[in-house]
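K.L.:
Sharing a structure with you now.
The values are calculated or read from the model by the stated rules, or taken from the named source; none is laboratory data. These numbers were taken from a predicted model, which means no experiment stands behind them. Neighbour counts are summed over all protein chains in view; Cβ atoms, including those assigned to glycine, are modelled from backbone coordinates with ideal geometry. Note: accessible area is taken over every heavy atom of the protein model, side chains too, but ligands, DNA and RNA are not part of it. Shrake-Rupley method; radii C 1.70, N 1.55, O 1.52, S 1.80 Å.
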Amino acid sequence: MYANLCALAALVCLLLYALLGGADYGGGVWDLFARGPTAKAQRATIEHAIAPVWEANHVWLIVVVVILFTAFPAAFAALVTALHVPLTLMLVGVVLRGTAFTFRHYDSKRDDVQKRWGRVFAVASLFTPFLLGTMLGTIAMGGIRMVDDLPVGGFFAPWISPFPILVGLLTVVLFGFLAAVYLTNEPAEEAVTEAFRRRALASAGAMFVLGAVTLAVAKSLAPAMAEGLFRAPIVLVAGGLSLVGSVATVWKRRYGAARALAALSVTCVIGGWGIAQRPYLLPPDLTIANSAAPEVTLRLLVWALVIGSVTLVPSLYYLFRVFKGEDALSPLDRPDPGTTTEAPPAVKGSRTGSS
Amino acid sequence: MREHDILFARGQMAMSLAFHIVFAVVGIAMPVLMVMAEVLWLRTRNRVYLDLTRAWAKGTAVLFAVGAVSGTVLSFELGLLFPTFMKHAGPVIGMPFSLEGFAFFTEAIFLGIYLYGWNRVRPVWHVASGVVVAISGTLSAVFVVIANAWMNAPRGFRVEGDRFVDIDPIAAMGTPFAVHEVLHMLLAAFMVTGFAVGAIHAAILLKRGPSPFHRTALALAFSIAAPSALLQGPVGHLAAQEVAEHQPMKLAAMESQFKTEAYAPLRIGGFPDEEARVTRLAIEIPGGLSFLSFNRRDAVVKGLEEFPRRDWPSPIVHYSFQAMVGIGTMAMGLALWGIVVRIRKKALPEGKWFLRAIIAAGPLSVVALEAGWVVTEVGRQPWIVYGVMRTADTVTPMPGLFVPFACFTLLYIALAFATAAVLWRQIRHSPGVLDEAPASAARPSIVAGGPS
């Protein structure tokens, strides 16, 4: 039971990384594609939205890693061995994205300096989630197999193949969509909000196409995954409906609802993946059970996660309330009773607006 | 080829740690300095303290970001480079890493509030956020160092064949190295950050003449550096005694003690000759090593001759140890100088030589920090888990490890230059350097108590 709880915790943290950190990457993508008369204002809005929270959002990834190597050391060892190359490249992206963003904020405001850091930040925001998605795709299609501690298929072929690349692209578009929808909720002049609205709609279109192609080829390239997905059709339907709903609400400029629905659709995608893959961590060989650490470690980890959450959840709530909520002053006046406190206020739909 | 890959894996890990540690110590001690300055601002309403808080906060923001991303790299690198190690050790020392994860999470959250929330939260919440950053930064260092202490003095499991069994993560955290490593590291963090920050302000004072801003900054920085430098002596002694008890080979390498003998001398300096098994040109204090290690001059100290030649750590351990102790001793002298003058004259020395000494102490204490980690980590070799698991047996089967090594080395060199350039620009814009008004002159909302 503890092993399943740990696996669930890893999946939830990955989901939160996608919902929060993913949107920060998406923000970088929209920085790269900022065009038109409001380009500068778009970049300013993105920076303003990301700056106070990106470092905290980024920690979800570290928590995923820590859960994996503590609770599922065998799977972790296989993962980091087989995906050494894309992981290393992704880390380069993590370093470049974070530092360039910070340097841009604190370095000279001269145009050429700003442009240089901005370019590094934006390009890294594009390829880092692509690599992350590629690796998730490799896992999903059962591309990580170890024989005698060596990856079957070598260190390149498994992840440089059509299905992982499709999932990588889908991840970039998904993060871009999330970011665009979130950004419509940021205080900004109307022309800027409209620009993000157009970007949300465009990326939603790209996502439908890419998603359909990925599902279509999954039957042949990742058959176990495809079969698993249809084992829980309700999640697929909920994901599809919330995505459609999100697009519709963006269209109608009801951005608060759009944000909640967009987050819900991503939750369905990642939750659906988890359900489809159960009981495997790294199909087709490593399951939750056969790669799990001894019971005592799992039990302690679950307790550490529970106790950690007691400090983490209110802290995160405070952070998002200060920067994304309306009333920033008291951290204690309204303790959140809901079960979704772990999710960002981003999904609670309280629209900041420019009021 | 395999030997090369092992060396490049170790090189990449060493380089990543050496890079990260500088930013990590800043992340521990800078929040303390910021909070001290901000509390003084709130109590005295002396503008200098506010300017100082803001200037330090900007520097901290840059350094923390670099520390956060290089720390992320490390959390993966342990597995990327040494997957077999993580496979076995993960369940044993995952606990301190998990706790560190939460501490770091808290630090990142409240640093965001601290840096960007000036006008969004009440002053008291702002200071409180800074206090939380300082506490959680310290805690995350505590947990990470406990994990390292375990690698040096592993506890909480048994080896059966090639498996770790009877795992007890709590016992693992109780490793006998935890206490001294944690204390030594935290004191180093305050000492290094204090002297490094002090060195910057001292350099400006030396060049531009008296300035209340830089003098106040130097006084605050010195107030955390000096006591840490003084305490580091006894804590270092405690550390050496633990090493003597649990890692005799490391102690022998630190002191270049080749022969097993009673009345072993304490060596100052010297050049170990591994072929001849003697240490040349060292100043020797008879019986000193025996006494410092075991409190008795006639105690027997094990020499390197007790251990297989192929297992001897590199002589760099000896040189690093000498450098660390030498710099630490000078830092204690500098600390005493400042403290004595301060007590007698109610102010730090203002002369050029004191400023010059502080300027030298900045970079030198960074050297001592790096040297200390070389002693701990290179001195632990050839083991990744001391006495249990050899580093060479845990390296990833991935060939061509020169490539990631070269990649990260170049990336970190570029990053070091970029960070220095950004900080340099910030320092140039601090009060009294470019003869312009402080950049943060007008922010009335803080004075007014926030937007309530």
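K.L.:
Evaluate Rg over Rh across region B:301-395, taking Cα atoms for both radii and Kirkwood's formula for Rh.
P.N.:
The Rg/Rh ratio comes out at 1.21.
K.L.:
With θ taken as phi - 60° and the coefficients 6.51, -1.76 and 1.60, list the Karplus ³J(HN,Hα) couplings across region A:53-69 in order, rounded to whole Hz; mark glycine and proline as x.
P.N.:
10, 5, 5, 5, 4, 5, 5, 4, 5, 5, 5, 4, 4, 5, 4, 4, 6
K.L.:
Using +1 at the Cβ of each Lys and Arg and -1 at the Cβ of each Asp and Glu in region A:146-304, identify which of A:LEU300, A:THR184, A:SER203 lies farthest towards the dipole's positive end.
P.N.:
Comparing the listed Cα positions along the dipole, A:THR184 ranks first.
K.L.:
A further question follows. By how many degrees, between 0 and 90 and to the nearest 10, does the Cα long axis of helix B:402-428 differ from the longest principal axis of chain B?
P.N.:
So the inclination is approximately 30 degrees.
K.L.:
So what are the ³J(HN,Hα) numbers for region B:28-35, from phi and the Karplus equation (6.51, -1.76, 1.60; θ = phi - 60°), rounded to whole Hz, Gly and Pro as x?
P.N.:
Per-residue couplings from phi come out as 7, 9, 4, x, 5, 4, 4, 5 Hz.
K.L.:
Here is a further query. So how much accessible area does A:CYS13 have, in Å² to the nearest 10, using a 1.4 Å probe?
P.N.:
Its heavy atoms expose roughly 10 Å² to the probe.
K.L.:
Over chain B, calculate the relative contact order: mean separation of alpha carbon pairs under 8 Å at least 6 apart, over the residue count, as a percent.
P.N.:
Contact order relative to length: 20 percent.
K.L.:
Tell me the angle of helix B:178-208 to the major Cα principal axis of chain B, expressed in degrees between 0 and 90 and rounded to the nearest ten.
P.N.:
Helix B:178-208 and the main axis of chain B meet at about 40 degrees.
K.L.:
Go ahead and estimate [θ] at 222 nm for the protein assembly as shown from helices alone: -39,500 (n - 2.57) per DSSP H run with n ≥ 4, summed, over the residue count, rounded to 500.
P.N.:
Details: 26 runs with 569 residues, N = 807.
About -24500 deg cm²/dmol.
K.L.:
Taking Cα atoms of chain A, Rg/Rh with Kirkwood Rh, to two decimals?
P.N.:
Dividing the radius of gyration by the Kirkwood radius yields 0.96.
K.L.:
Which whole-Hz ³J(HN,Hα) couplings does region B:250-257 yield from phi under the Karplus relation 6.51 cos²θ - 1.76 cosθ + 1.60, θ = phi - 60°, glycine and proline marked x?
P.N.:
So the Karplus estimates, Gly and Pro as x, are 5, 4, 4, 5, 4, 9, 6, 8 Hz.
K.L.:
For chain B, what does the accessible surface come to per residue with a 1.4 Å probe? Please give it in Å².
P.N.:
Details: 18250 Å² over 452 residues.
On a per-residue basis, 40 Å².
K.L.:
Let me ask something else about it. Based on the Kirkwood radius over alpha-carbon pairs, what value in µm²/s does the Stokes-Einstein equation return for the translational diffusion coefficient of region A:1-106 at 20 °C and 1.002 mPa s?
P.N.:
Here the translational diffusion coefficient equals 139 µm²/s.
K.L.:
For region B:109-262, with equal point scatterers placed on the C-alpha atoms only and solvent neglected, what are the log10 I(q)/I(0) values from the Debye formula at q = 0.15, 0.18 1/Å, to two decimals?
P.N.:
Computed log10 I(q)/I(0) values: -0.99, -1.15.
K.L.:
Taking the Cα centre of the protein assembly as shown as origin, sum charge times position over the Cβ atoms of Lys and Arg (+1) and Asp and Glu (-1), and report the length of that vector in debye to the nearest 20.
P.N.:
Roughly 2480 debye for the protein assembly as shown.
K.L.:
Same structure again: Can you list residues whose amide H is under 5 Å from B:ARG390's amide H, if they're 5+ apart or on another chain and H is modeled 1.01 Å from N?
P.N.:
The list, which skips near neighbours in sequence, is B:ILE384.
K.L.:
Can you give the FRET efficiency to the nearest 0.05 for B:ARG2 and B:ALA406, using r as the Cβ-Cβ distance and R₀ = 22 Å?
P.N.:
Rounded to the nearest 0.05, the efficiency is 0.75.
K.L.:
While we're looking at this one, here's another question. Using only the alpha-carbon atoms of region A:97-196 as identical scatterers, what base-10 log of I(q)/I(0) does the Debye formula give at q = 0.20, 0.25 Å⁻¹?
P.N.:
-1.02, -1.16
K.L.:
With all protein chains present and a 1.4 Å probe, how do B:ASP393, A:ASP107, A:ASP148, B:ASP273 order by accessible area, largest first?
P.N.:
A:ASP148, B:ASP393, B:ASP273, A:ASP107
K.L.:
Continuing with the same structure: Helix A:190-221 versus the longest principal axis of chain A: what angle, 0 to 90°, nearest 10, using Cα atoms?
P.N.:
So the helix axis and the longest Cα principal axis differ by about 20 degrees.
K.L.:
With point charges of +1 on the Cβ of Lys and Arg and -1 on the Cβ of Asp and Glu, referenced to the Cα centre of the protein assembly as shown, which listed residue (A:GLY154, B:TYR49, B:LEU334) lies farthest in the positive direction of the dipole?
P.N.:
Positive-end residue among those listed: B:TYR49.
K.L.:
Now, a different point. Amide H to amide H, which residues 5 or more places from B:ASP273 or on other chains are under 5 Å from it, using H placed in the peptide plane?
P.N.:
Those lying under 5 Å, H to H, from B:ASP273 are B:VAL278, B:THR279, B:ARG280.
K.L.:
Could you list the square roots of 5 times each eigenvalue of the Cα gyration tensor of chain B, that is, the equivalent ellipsoid semi-axes, sorted largest first and rounded to whole Å?
P.N.:
That gives 40, 27, 20 Å for the three semi-axes.
K.L.:
Based on the inverse mean of 1/r over its pairs of different Cα atoms, what is the Kirkwood hydrodynamic radius of the protein assembly as shown, in Å?
P.N.:
Hydrodynamic radius (Kirkwood, Cα only) of the protein assembly as shown equals 27.9 Å.
K.L.:
Contact order normalised by length for region A:44-179, with contacts defined as Cα pairs under 8 Å and 6 or more residues apart; what percent is it?
P.N.:
24
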